[in-house]
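Asker: Quick one: this structure, given as structure tokens, is what I'll be asking you about.
The values are calculated or read from the model by the stated rules, or taken from the named source; none is laboratory data. The structure presented is a predicted model; accordingly, all values stated were derived computationally and were not measured. Reconstructed Cβ throughout: ideal geometry from the backbone, glycine too, with neighbour counts over all protein chains shown. Just so you know, the surface numbers come from the protein's heavy atoms only, side chains and all, with ligands and any DNA or RNA stripped out. Shrake-Rupley method; radii C 1.70, N 1.55, O 1.52, S 1.80 Å.
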Amino acid sequence: MPKIVDHEARRMELADAVGRVIARDGVNEVSIRSVAAEAGWSSGTLRHYFTTRAELLAFACEQVIHRVATRITDMRHGGTIQQAVRDTLLETMPVDARRHAEAAVAFAFLALGLSDPRLAEVQRAHFDGMYGLCLRVIESLDAEGLLAPHIASAEVLARRLHAVVDGLSIQRLAGHLTPELMVAQLDAYLAEIILGAGEAR
């Protein structure tokens, strides 16, 4: 009887291998050969699933976006809305090894998207998704009467929050912040925009 191959599981295995190569060696070291070696495959076998490096990278980033979005959707919050906002945003940031590897994959597309339209499309999906999350956070806080006094629109406040989260994440990935300092800076910003956030932590 022929062996049944779960092709989607094998594609996911390759996406995970891309993440490990990026986390360990940087995005420039991602190639058909390096990812195949990381996954314990031959380059020829890998090419049955992805014929180009760009296809492989795009799929890996799309999987990261999907994985993080799923975790956020599945989160169950038992505390205050302030704590829920903090936990939700930290799920997207490189606070531990798993999330560091995911963020490394996602932010690798900042440079890659400048020269490849397919990768630029994935980059936009990443940014659009993160902006959408920040907008939902701001709108939820506003609906609960928890936003500090402000004159900016929800869209502007969401853009600012997005900039803070991504900026802190990039600084962590670059080694300019420890995880502890990154979280402390996020907490400081949330204390500025959420009523009572300083007492809630």
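Asker: Identify the single condition in (1) open to solvent by 60 Å² or more (accessible area, probe 1.4 Å); (2) under 20 Å from PRO94 (Cα atoms) that CYS134 does not satisfy, given that it satisfies every other one.
Answerer: (1)
Asker: Only one of ALA148, ALA106, ALA158, ALA152 is surrounded by 18 or more Cβ atoms within 10 Å (Cβ to Cβ), more than 16 Å from the chain's Cα centre (by Cα) and among the small types (Gly, Ala, Ser); which?
Answerer: ALA158 is the lone residue from the list that is surrounded by 18 or more Cβ atoms within 10 Å (Cβ to Cβ), more than 16 Å from the chain's Cα centre (by Cα) and among the small types (Gly, Ala, Ser).
Asker: Right, another one. I want to confirm something. Restricting to region 24-77 and keeping residues that are assigned to a helix (DSSP H, G or I), touching a residue at least 24 places away in the same chain (Cβ under 8 Å) and of a type in the set (Val, Ile, Thr), which single residue is nearest to VAL137 (Cα to Cα)?
Answerer: Among them, the one singled out is ILE72.
Asker: Looking only at region 185-201, count how many residues are open to solvent by 50 Å² or more (accessible area, probe 1.4 Å) and either under 14 Å from MET93 (Cβ atoms) or assigned to a loop (DSSP other than H, G, I, E, B) (or both).
Answerer: Residues flagged as open to solvent by 50 Å² or more (accessible area, probe 1.4 Å) and either under 14 Å from MET93 (Cβ atoms) or assigned to a loop (DSSP other than H, G, I, E, B) (or both) within region 185-201 amount to 3.
Asker: For residues in region 162-184 being out of contact with any Phe, Trp or Tyr (no Cβ under 7 Å at 6 or more places or on another chain), within 16 Å of VAL85 (Cα to Cα) and free of Cβ contacts under 8 Å to residues at least 60 places away in the same chain, which is least open to solvent (accessible area, probe 1.4 Å)?
Answerer: ASP166
Asker: I've got another one for you. On the given criteria, is ARG136 free of Cβ contacts under 8 Å to residues at least 40 places away in the same chain and under 19 Å from ASP25 (Cα atoms)?
Answerer: Considered against the rule, which asks whether it is free of Cβ contacts under 8 Å to residues at least 40 places away in the same chain and under 19 Å from ASP25 (Cα atoms), ARG136 comes out as no.
Asker: State whether one or more residues within region 90-98 are within 30 Å of ALA143 (Cβ to Cβ), surrounded by fewer than 21 Cβ atoms within 10 Å (Cβ to Cβ) and touching a residue at least 40 places away in the same chain (Cβ under 8 Å). Break it down into steps so the answer makes sense when it comes.
Answerer: Quick first cut of region 90-98, residues within 30 Å of ALA143 (Cβ to Cβ) only: 90-95.
Subsequent filtering for residues that are surrounded by fewer than 21 Cβ atoms within 10 Å (Cβ to Cβ) retains 90-91, 95.
With touching a residue at least 40 places away in the same chain (Cβ under 8 Å) added as a condition, the list becomes 90, 95.
Yes.
Asker: Could you go through region 33-53 and let me know if any residue there is at pLDDT below 85, over 20 Å from ASP128 (Cα atoms) and of a type in the set (Asp, Glu).
Answerer: no
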